[in-house]
């Protein structure tokens with residue numbers, strides 16, 4: 001079979017690598033150049049979008065901020081999974097919030113802000129502190145404002161107004177959310193087939209640094225929370241008639257979970273599945289969109305993932321630690337850019353934490369700020 005991925009970044013690359021053993025060929029549509037490329041060697045091209053659609057048996061996406069005209073053309077081919085609507089929901093927080101309400105899934109109190117009147121209503125109705133997020137094109141901590149004191153309102157509105165008016169599409173808005181006093185951030189990556197079968201990977205604990213995912217930890221604990229997250233996954237995936245891998249980020253508040261946001265694609269917090277699960281998220285996504293049987297999402301050993309941000313080298317002696325795997329994305333170095341990730345596993349949680357501590361001792365603090373502190377606090 002043949003798959004076309006919309007987007008030619010690291011997620012398309014990892015889908016292509018996971019597809020090779022299944023004899024599935026993957027090409028990627030580079031939204032920047034408008035060309036179809038080999039995701040493992042992007043200098044190799046295969047024509048334009050029309051050529052890619054004609055070539056593919058199935059079309060999918062590696063990110064949600066895709067031009068709607070492109071999505072509509074792919075949808076019309078009858079080959080796009082998940083649907084264009086599911087992808088659009090992931091790229092517009094207004095649609096996302098409407099979906100969560102429709103699905104009956106708990107999430108933070110919020111208001112949609114299109115203008116100053118909406119802004120004034122939000123700050124008078126919702127309880128401070130607030131986080132204000134762009135409805136479109138905001139990720140990894142970008143396009144966000146935090147309001148902890150009403151005295152900040154004028155300055156924040158001035159900034160938001162400029163942000164909204166600067167959007168050439170005229171479609172931008174803001175979601176004002178009541179900040180949640182959460183205990184930790186967790187995520188669930190799951191997969192749904194075209195016939196509605198769902199499987200969920202173990203709930204993953206996530207640590208962020210400056211708004212960007214730094215470490216994900218999967219140890220298969222807290223079965224009560226796992227059941228809650230699985231139920232939310234099914235409600236959301238079924239409401240979208242979803243096909244493929246879907247990620248849901250949660251806030252844990254005591255013994256309850258609130259949805260923070262969803263991502264209609266393979267996800268950074270699921271990279272640990274390459275070494276820690278029976279079938280990794282990338283293979284399962286391709287299986288789903290190609291309408292093949294789904295693979296097991298069972299955790300085979302506790303595993304953690306550490307993002308490599310903005311650097312293109314790490315000390316080679318990390319590979320002397322048992323069960324450490326390095327995954328580079330083949331990107332040109334740029335500050336803050338996701339350049340690769342490190343997976344480390346153990347036969348049990350104790351062994352994993354020991355190996356993580358060894359890893360933290362080797363990784364340079366300047367390149368991995370607060371990773372050592374987070375890992376040492378786990379033990």
Q.
So if I take the centroid of the Cα atoms in segment 60-137 and the same for segment 140-208, what is the distance between those two points in Å?
A. 9 Å
Q) If r is the Cβ-Cβ distance from residue 159 to residue 227 and R0 is 56 Å, what FRET efficiency results, to the nearest 0.05? A) 0.85
**Q.** Computed over segment 187-255, Cα set: Rg, Dmax in Å
**A.** 12.6, 40
Q: Grab the beta carbon distance between residue 127 and residue 106, set R0 = 22 Å, and tell me the FRET efficiency rounded to 0.05.
A: 0.85
**Q.** Inter-site label distance for residue 292 and residue 326 at 7 Å from Cα along Cβ, in nm
**A.** 3.0 nm
Q: Let me have the 222 nm mean residue ellipticity of the chain computed from DSSP H runs of 4+ only, each contributing -39500 (n - 2.57), with the sum over all residues rounded to the nearest 500.
A: -9500 deg cm²/dmol
**Q.** Distance (nanometres) between label positions extended 7 Å along Cα→Cβ at residue 98 and residue 373
**A.** 4.1 nm
(Q) Counting only Cα atoms, I'd like the Rg/Rh figure for segment 2-80, Kirkwood definition for Rh. (A) 0.92
Q. Could you give the distance between the Cα centres of segment 262-314 and segment 338-365, to the whole Å?
A. 17 Å
Q) Separation between the residue 41 and residue 300 pseudo-spin-labels, each 7 Å from Cα along Cα→Cβ, expressed in nm? A) 2.9 nm
Q) Which of 90, 78, 276 moves most in a GNM of the chain, Cα contacts under 10 Å? A) 78
(Q) Can you give me the orientation-averaged projected area of the convex hull built on the Cα atoms of segment 184-378, in nm²? (A) 10.7 nm²
Q) Of 20, 133, how do they rank once you tally other Cβ atoms within 10 Å and put the fewest first? A) 20, 133
Q) Under 14 Å from the 7 Å Cα→Cβ point of residue 194, by amide nitrogen: which residues of segment 62-106? A) 77-83
Q) Computed from the mean reciprocal separation of all distinct C-alpha pairs, what Kirkwood hydrodynamic radius does the chain have, in Å? A) 21.5 Å
Q: Please report, to two decimal places, log10 I(q)/I(0) for segment 109-178 at q = 0.14, 0.21, 0.24, 0.28 Å⁻¹ as given by the Debye formula with identical point scatterers on the Cα atoms and no solvent.
A: -0.36, -0.83, -1.09, -1.47
Q.
Only Cα pairs within less than 10 Å get springs; with that Gaussian network setup on the chain, which residue of 199, 182, 282 has the largest fluctuation?
A. 182
Q | Per-q log10 I(q)/I(0), segment 251-321, q = 0.16 Å⁻¹ (Debye; single scatterer per alpha-carbon; no solvent) | A | -0.82
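Under the Kirkwood approximation applied to all pairs of distinct alpha-carbon atoms, what is the hydrodynamic radius of segment 290-379 in Å?
Its Kirkwood hydrodynamic radius stands at 14.3 Å.
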Q: Grab the Cα-Cα distance for residue 184 and residue 117, subtract it from 0.36 nm times how many residues apart they are, and report the gain in nm with one decimal.
A: 20.8 nm
Q | Dimensionless Rg ratio for segment 54-106, taking C-alpha atoms and the 2.2 N^0.38 Å reference | A | 1.25
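A short reminder: the numbers here are calculations on the coordinates, not readings from a lab. All values derive from a computational prediction rather than experimental measurement. For neighbour counting, all protein chains shown are included, and Cβ atoms are generated from backbone atoms with ideal geometry for every residue, glycine included.
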